[in-house]
Amino acid sequence: MRQVLRKLEKMDRLSPKEYEALLTYAAELRSRSPESYRLFYERFAGILKQEYATYLPRSERDQDDLINYLLENPELPGLAVDGGLPPQSAFPREYHPVLVDIYNNPREARLFQSVIALLTNLASREAKNSLPRPRSGEAILKYEDDNPYKEPGLKTHFERLARYTFITRLQSYRYLSRNKAAFERIEVIGPDCLGGIFTNKEKSIYYYIFLSESDPEKAAEACRVLNAIFYPR
């Protein structure tokens with residue numbers, strides 16, 4: 001692994017096998033040695049995002065887990081005062097480290113604030129405009145040729161999306177022809193399906209997001225929430 005890490009640090013292109021081994025190593029490190037993983041994250045997360053469109057969570061629990069907790073506890077966003085952020089004391093202790101990271105990072109704090117505002121607005125509406133219900137079981141992730149490592153970054157992107165419990169299935173569909181997409185986005189396809197565009201350094205890939213309910217209004221709300229989280233503009 002040291003040779004792979006040296007190549008990554010020097011910006012030398014990793015082979016598909018090296019890339020797969022690196023992600024496996026990162027996942028094991030995150031679950032077994034949080035302190036070592038944090039050093040790994042600080043050293044390599046930016047490179048992986050820039051060169052391989054690969055998202056790494058900062059710790060075992062990250063902002064997506066936190067937002068999911070808010071979705072499951074809709075009264076919490078209402079604790080925010082004057083458009084700010086809910087107090088750390090409103091969350092279980094296991095979320096406190098990620099809250100400290102967010103609150104100490106102005107950009108992440110602004111993003112989290114915008115999500116809080118969106119969820120507060122969502123909770124204040126009638127139930128028919130809520131998000132789809134939580135799924136039962138794990139989300140199903142389907143990749144071209146059943147190879148999650150074929151396209152750099154797609155696996156970690158799908159795994160991040162799969163943390164949102166109203167998503168039941170993610171499936172890559174096709175490559176965009178001609179040029180890459182100008183920007184990534186998520187859009188409503190049908191009452192139980194959204195479509196997304198993922199882009200790495202080489203190409204753009206269209207994929208489907210299947211939802212736990214078939215309801216056009218809930219699909220629209222799920223689309224709004226995911227775009228606010230993944231593609232704030």
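Taking the Cα centre of the chain as reference, the dipole from Cβ charges on Lys and Arg (+1) and Asp and Glu (-1) amounts to some 740 debye. Given a cut-off of 18 Å, name the pairs among Lys142/Lys180; Lys17/Lys150; Lys150/Lys203; Lys17/Lys142; Lys7/Lys142 whose C-alpha atoms lie farther apart than that in the structure shown. Result: Lys142/Lys180; Lys17/Lys142; Lys7/Lys142 exceed 18 Å. Straight-line cross-link partners of Lys10 among the aspartates and glutamates, defined as a Cα under 16 Å from its Cα and at least 8 positions apart when in the same chain: Glu18, Glu42, Glu51. Pairs of Cα atoms nearer than 8 Å and 6+ residues apart set the relative contact order; for the chain it is 17 percent. Restricting attention to the chain, close to 85% of DSSP beta bridges with both partner residues there are antiparallel.
Between the labelled values [x] -0.31, -0.73, -1.27, -1.50; [y] -0.31, -0.70, -1.16, -1.35; [z] -0.38, -0.76, -1.15, -1.33, the entry that holds log10 I(q)/I(0) by the Debye sum over Cα atoms at q = 0.08, 0.12, 0.16, 0.18 Å⁻¹ as derived from this structure is [x]. Neighbours of Leu170 by Cβ distance under 11 Å: Lys/Arg scored +1, Asp/Glu scored -1, total +3.
Each value in this text was obtained by applying a stated rule to the coordinates, not by laboratory testing. Since the structure is predicted, the reported quantities are computational estimates derived from the model, not experimental observations. FYI the Cβ positions are ideal-geometry reconstructions off the backbone, even for glycines, and counts take in every protein chain you see.
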